[in-house]
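Peer 1: A single structure is presented below for examination.
The values are calculated or read from the model by the stated rules, or taken from the named source; none is laboratory data. Predicted model, so just to flag it, every value in this text is computed and none were measured. Ligands, DNA and RNA are stripped out before the accessible areas are found, and what is left, the full protein with its side chains, is counted by its heavy atoms. Shrake-Rupley method; radii C 1.70, N 1.55, O 1.52, S 1.80 Å.
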Amino acid sequence: SIGILVEDKSLIAGDFFTNRKKPEIAPIVEDFTSLKSSLKKIREHDIEIIYPGHGRPFKFSELDPHLKEQ
């Protein structure tokens, strides 16, 4: 997936995240090492809103705290 950081503190996240029932990491992941590395990079930025590949935009604070700290 590609992620695009926008100056307004939002992230266009492609297929990394989904928000169909609740904000979460997309269920199909092929490389968990890369996933964890990407999560670490995302946490380094002051992201407020995530635009997922599927579902409605959501606040980064709505993401399960356990996922944000992996």
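Peer 1: Rank these by accessible area, largest first, 1.4 Å probe: 61, 34, 10.
Peer 2: Largest to smallest exposure gives the sequence 61, 34, 10.
Peer 1: Under a no-solvent Debye model with one identical scatterer per Cα of the chain, what's log10 I(q)/I(0) at q = 0.15, 0.24, 0.26 Å⁻¹?
Peer 2: Values, matching the q order: -0.41, -1.16, -1.39.
Peer 1: Starting from the Cα-Cα distance between residue 21 and residue 4, subtract it from 0.36 nm times their residue separation and give me the gain in nm to one decimal.
Peer 2: 3.8 nm
Peer 1: Which whole-number value in Å² is the accessible area per residue of the chain, probe 1.4 Å?
Peer 2: Solvent-accessible surface per residue comes out at 73 Å².
Peer 1: With θ taken as phi - 60° and the coefficients 6.51, -1.76 and 1.60, list the Karplus ³J(HN,Hα) couplings across the range 32-49 in order, rounded to whole Hz; mark glycine and proline as x.
Peer 2: 5, 5, 5, 4, 5, 5, 5, 4, 4, 5, 5, 5, 6, 10, 8, 7, 9, 10
Peer 1: Among bridges DSSP assigns within the chain, what percent are antiparallel (round to 5)?
Peer 2: 55 percent
Peer 1: Give me the percent of accessible area attributable to carbon and sulfur for the chain, probe 1.4 angstrom.
Peer 2: That share works out to 52 percent.
Peer 1: Also: If the chain between residue 61 and residue 28 were fully stretched, how many nm would it gain, using 0.36 nm times the residue separation less the Cα-Cα distance?
Peer 2: 9.7 nm
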